[in-house]
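The values are calculated or read from the model by the stated rules, or taken from the named source; none is laboratory data. Note that the coordinates shown come from a computational prediction; the quantities given were computed from them, not determined experimentally. Quick reminder, even Gly has a Cβ in these numbers, built from the backbone with ideal geometry, and neighbours come from all protein chains shown.
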Amino acid sequence: MASAILFFNDKEIFVQDKSSGLDLFKPYKIDVYSKFTEDRIKHLIQEHVIQKGIDIEEILFNANEGILIPHEIYNPEKKEAYFTLNYPEISEDKSIYDEKIDAINAHFISTRFNWFVNFCSKNMPETPMMNSSKKYMDKILSNQKEKNDVHIVLKDNTFDLIKLQNQKLFSFNCIEYTTVTDIIYFLIAHLEKLPKKATNIIFYGSETQTKEAKILFKKIKILNEIQLSTHSDKELIQFLS
């Protein structure tokens, strides 16, 4: 049976075929003008996924908040306390979840919207759920090549800054931003905090964002010695698939 992944990024829901990378239906927008309707999503999945003999293999959440806690000091009963130290104001319609990253023996803590978790639990109870940032780290840390790369993955209001040294996690941060310029100047301010011999920046964003990043890298002399590799949103989804 063909398989697909369901993505949820706070503003839209879409399902993508794993083999082709194509959307199986037009992304369903969620905003103040288009409230979630369970029947509509069920209909889209039934018509464009199930009836075509395609199985939803995994559900990936894209959250704008996330922290890592080493396993040695982690207490599952205190995950809310860890999280609220960094994010003191959590929306009432969200809950806090933790996921283990075995490659670095740490726990990734993030949020999920309650209504969507309830929807998936009711309609796809056997389908595993995972945070997209956690899945991204699983993927890059499974690569056995020694690298000192810096990964920048843009989301709606935040970006993940992931630093690797000798293919081990050097640091992870989830940082708010408004423009790509904010991200580039943040990077410049933290050049001395990059892993040793970090020469490659891997950047995921929209077409407009990746173009702007390329222009800024060319204009700013201090960044000329660092190689920028840009990738589109679609390429990110394919990578996570």
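Of everything in segment 195-212, what is of a type in the set (A, V, I, L, M) and either under 25 Å from residue 109 (Cβ atoms) or at pLDDT 95 or above (or both)? Give them in sequence order. Walk me through it before giving the result.
Restricting attention to segment 195-212, the residues satisfying the condition of being of a type in the set (A, V, I, L, M) are 198, 201-202.
If the condition is that a residue be of a type in the set (A, V, I, L, M) and either under 25 Å from residue 109 (Cβ atoms) or at pLDDT 95 or above (or both), then 202 is the only one that fits.
Cβ contacts < 9 Å: first residue in contact (Cβ under 8 Å) with a residue 60 or more places away in the chain, restricted to segment 113-126; second residue hydroxyl-bearing (Ser, Thr, Tyr), any location; separation 6+ or different chain. Result?
113/91; 113/95; 120/127
Given the residues 41, 13, 45, 30, which is the only one that is under 23 Å from the mean Cα position of the chain (by Cα), at pLDDT below 85 and on the phi < 0 side of the Ramachandran plot? I'd like the intermediate steps shown before the answer.
Details: 41 fails: at pLDDT below 85; 13 fails: at pLDDT below 85; 45 fails: at pLDDT below 85.
Just one listed residue meets the conditions, 30.
Output the residue which, of all residues in segment 131-160 that are surrounded by fewer than 18 Cβ atoms within 10 Å (Cβ to Cβ) and in contact (Cβ under 8 Å) with a residue 40 or more places away in the chain, is nearest to residue 59 (Cα to Cα).
Checking each candidate, the answer is 139.
Only residues in segment 83-112 that are in contact (Cβ under 8 Å) with a residue 40 or more places away in the chain count as the first member; pair them with residues that are part of a strand (DSSP E or B) and β-branched (Val, Ile, Thr), Cβ under 6 angstrom, at least 6 apart or cross-chain, and list the lot.
108/101; 109/67; 111/96
What's the total number of residues in segment 106-119 that are outside any strand (DSSP E or B) and surrounded by fewer than 19 Cβ atoms within 10 Å (Cβ to Cβ)? Show your work before the answer.
We begin by selecting, within segment 106-119, every residue outside any strand (DSSP E or B); these are 114-119.
With the extra rule that they be surrounded by fewer than 19 Cβ atoms within 10 Å (Cβ to Cβ), the set shrinks to 114-115, 117-119.
Summing the residues that are outside any strand (DSSP E or B) and surrounded by fewer than 19 Cβ atoms within 10 Å (Cβ to Cβ) in segment 106-119 gives 5.
Which is part of a helix (DSSP H, G or I), surrounded by 13 or more Cβ atoms within 10 Å (Cβ to Cβ) and touching a helix residue (DSSP H, G or I) at 6+ places or on another chain (Cβ under 8 Å), of 42, 79?
Working: 79 fails: touching a helix residue (DSSP H, G or I) at 6+ places or on another chain (Cβ under 8 Å).
Residue meeting the stated conditions: 42.
Residue by residue, here is whether (1) touching a strand residue (DSSP E or B) at 6+ places or on another chain (Cβ under 8 Å); (2) within 26 Å of residue 87 (Cα to Cα) holds:
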site	(1), (2)
134	yes, yes
149	yes, no
160	yes, yes
164	yes, yes
182	no, yes
187	yes, yes
194	yes, yes
206	yes, no
214	yes, no
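Filter segment 193-241 for residues that are closer than 18 Å to residue 182 by Cβ, surrounded by fewer than 18 Cβ atoms within 10 Å (Cβ to Cβ) and small (Gly, Ala, Ser) and give the result.
206 - this is the single residue of segment 193-241 that is closer than 18 Å to residue 182 by Cβ, surrounded by fewer than 18 Cβ atoms within 10 Å (Cβ to Cβ) and small (Gly, Ala, Ser).
Residue by residue, here is whether (1) over 21 Å from residue 140 (Cβ atoms); (2) among the β-branched types (Val, Ile, Thr); (3) assigned to a helix (DSSP H, G or I) holds:
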site	(1), (2), (3)
161	no, no, no
175	no, yes, no
183	no, yes, yes
186	no, no, yes
